[in-house]
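The values are calculated or read from the model by the stated rules, or taken from the named source; none is laboratory data. Since the structure is predicted, the reported quantities are computational estimates derived from the model, not experimental observations. Cβ coordinates were reconstructed from backbone atoms using ideal geometry, including for glycine residues, and neighbour counts include every protein chain displayed. Please note that ligands, DNA and RNA were not included when accessible areas were found on the heavy atoms of the full protein model with its side chains. Shrake-Rupley method; radii C 1.70, N 1.55, O 1.52, S 1.80 Å.
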Amino acid sequence: MSREKSQQVFARAQQLMPGGVNSPARAFGAVGGQPIVIDHADGAYLVDVDGNRYIDYIGSWGPMIVGHRHPEVITAIQAALERGTSFGAPTVAENQLAELIIEAVPSVEKVRLVNSGTEATMSAIRLARGYTGRDVIVKFEGNYHGHVDSLLVAAGSAAATLGVPDSPGVTPGTSQDTLTLRYNDVAALEAAFAEHGSRIAGVILEPVVGNMGCVPAEPAFAAALRSLTTEHGAVLIFDEVMTGFRVAYGGAQTLMKITPDITTLGKIVGGGMPIGAYGGRQEIMDSILPAGKVFQAGTLSGNPVATAAGIATLKLLRDHGVYERLETRAAQLADGLHHAAQAAGVPHQLQRVGSMMTLFFNPDPVTDWDVSSKSDKAQFAKFFWGLMDRGVYWPCSQYEALFLSDKHTEEDIAQTVAAAAESLQDL
Ligand code: KE4
C-alpha cells in the first residue's frame, strides 16, 4: 500500500503547522509513523491522497454517525448555502436545532449553541460557578473535556496519549480550583464532598468515558454523583459531547436514567460541521447573558450552514431506526474482535456502549485511568498498523473509542474482523 503522496503532503504540513496537524489526536503520536492524508470520504469509507480506501472507525472522532456525505445532510447544507453563510443574527434554523435537542435530551429545557465541545464545557463550568457562586469544579482522571484550561488536569484523549495530561501553560491559579478524582471511585467522591461540599460548584464527567478508551460509569458511581451533588447544591454536568446522540438518541443519560443539571454536546449535533451546545434546567440556563449575568458569546454560534447539517443529522437519527442497525453491527464487531483476540491468545478487554467501543490490550477490566494506563500500548501500535495495512482505519490511540456509522455493512464488519484476526496473530 503506497502512502507516498501522504508523506509528501504531511512533510509540507509539518513546516506550516505545529506537528503538521490542527489537532494532536490526529498526529499518530501513540502509534508511530505518519498520519495518512485524506482526499475524500463516502459512507463508511475514507480514501487517502494515494487512492487507498479504508473502512473508517473514527468517523471524524464521532460526528459521522449517519456516514460521510449523507445525501440528506449534503442537500441541507447546499440549501443553506443558497441563503448565505453567516448573519450574526437570529435564524429559524437555530430554533429548529434547539427544539430537536430539547426534545431529545431529558435534562435540557433550554440550550445555548456554541462552536465546539470545548466551548460547551468551558461555558458549562463558568455557568456552574456563576449559578452557585462557588469556585471548585470536580473532574475525573482520564476524562477529557476539550482544551479548557481548568479542565486540562489529568486529562484523557490526546493529552494522555502524548503525555501532557497537565498541560504547560495552565497556571496553578487556574488549576487550584479543580479537584481531580479517580473515575468510578465512590469513596473518593464521598470524601471530596465531605471535605469540600460547600465549595463545590459542579462535577463534570463523561458518563461513558471515551477518552481513556471506552469506560462506562458504574451504577453505584452514577447514583452517588446524583445524590451527592443534589445534597450539597452542586451542579451535575454530563459531558455528552461524545455520547450525546451516539449511545442513544437522548444520550447516555437516557440509558443510565440519571438526569444531570447541565449537559454538554458537540460532534454529532453538528453533523460534521462545527457545533457545540450546552443546556439544562431553565432556572440554571437563564443565568446566561443576556437572560442572566454569566457571560458567554460567539460570532459564529448557531451558524446557518452548521445548524442545517445538525438538523438534518438529528432528524435522520430520530426518524429512521438508526440505533437498531448500529446495535446489530456493533455487537457483531465486538463479538468478532473478542473471539479473534481470544483465538490469538491476546489478553484483552472489549468494552462497548452502543456503537462506541474499545479493544483494550489489558488483562483487567478497565474501570479507571490507573488500569487503562497499564494497557499494552506497544501491542496496540502493532495492531493498529496491521489494520491500516489491511484497509481498516482505527483510532490511533489506545485511549480513544472507535465509532460505527449507519453505513457500515455486514461485509465491512466481516472484513474488519478478518483484518483484526490476522493483525492479532502477528503480534
Ligand atoms: P471539541 O472541542 O474537540 O469539539 O470537543 C472537546 C471534547 C469535549 N468532551 C468530550 C467528551 C470529547 O471527547 C471532546 C473531544 N474529543 C476528542 C477525541 N477524543 C476530539 C478529537 C480531537 O481532539 O481532535
Of all residues in the range 41-67, count the ones that are of a type in the set (Ser, Thr, Tyr) and open to solvent by 10 Å² or more (accessible area, probe 1.4 Å).
2
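Is one or more of the residues making up the range 130-138 within 13 Å of the ligand (Cβ to nearest atom) and surrounded by 22 or more Cβ atoms within 10 Å (Cβ to Cβ)? Show your work before the answer.
Within the range 130-138, the first condition is being within 13 Å of the ligand (Cβ to nearest atom), and the residues that meet it are none.
Among the residues of the range 130-138, not one is within 13 Å of the ligand (Cβ to nearest atom) and surrounded by 22 or more Cβ atoms within 10 Å (Cβ to Cβ), which makes the answer no.
For the structure I just gave you, tell me whether ILE65 is over 28 Å from SER375 (Cα atoms) and within 15 Å of the ligand (Cβ to nearest atom).
Numbers: over 28 Å from SER375 (Cα atoms): no; within 15 Å of the ligand (Cβ to nearest atom): yes.
Spelling it out, it is not the case that ILE65 is over 28 Å from SER375 (Cα atoms) and within 15 Å of the ligand (Cβ to nearest atom).
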The conditions are (1) more than 24 Å from LEU46 (Cβ to Cβ); (2) assigned to a helix (DSSP H, G or I); (3) polar (S, T, N, Q), and THR367 fails exactly one of them. Which is it?
(2)
Of the criteria (1) open to solvent by 30 Å² or more (accessible area, probe 1.4 Å); (2) touching a strand residue (DSSP E or B) at 6+ places or on another chain (Cβ under 8 Å); (3) not assigned by TED's automatic domain parsing to the domain that holds CYS396, which one ASN95 fails:
(2)
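Give me the residue from the range 400-420 that is acidic (Asp, Glu) and part of a loop (DSSP other than H, G, I, E, B) and, out of that set, most open to solvent (accessible area, probe 1.4 Å).
ASP406
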Scanning the range 1-30 for residues that are hydrophobic (A, V, I, L, M, F, W, C) and loosely packed, with under 13 Cβ neighbours inside 10 Å gives MET1, ALA11, LEU16, MET17
When you scan the range 106-221 for strands (runs of 3 or more DSSP E) that lie fully inside it, which ones turn up with 2 or more residues that are out of contact with any Leu (no Cβ under 7 Å at 6 or more places or on another chain) and over 30 Å from PRO90 (Cα atoms)?
178-181, 200-205
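Only residues that are part of a helix (DSSP H, G or I) and either open to solvent by less than 10 Å² (accessible area, probe 1.4 Å) or within 13 Å of the ligand (Cβ to nearest atom) (or both): list them for the range 238-272, please. Let's see the steps before the verdict.
Of the range 238-272, the ones part of a helix (DSSP H, G or I) are 252-256, 267-270.
Selection gives ALA252, GLN253, LYS267, ILE268, VAL269, GLY270.
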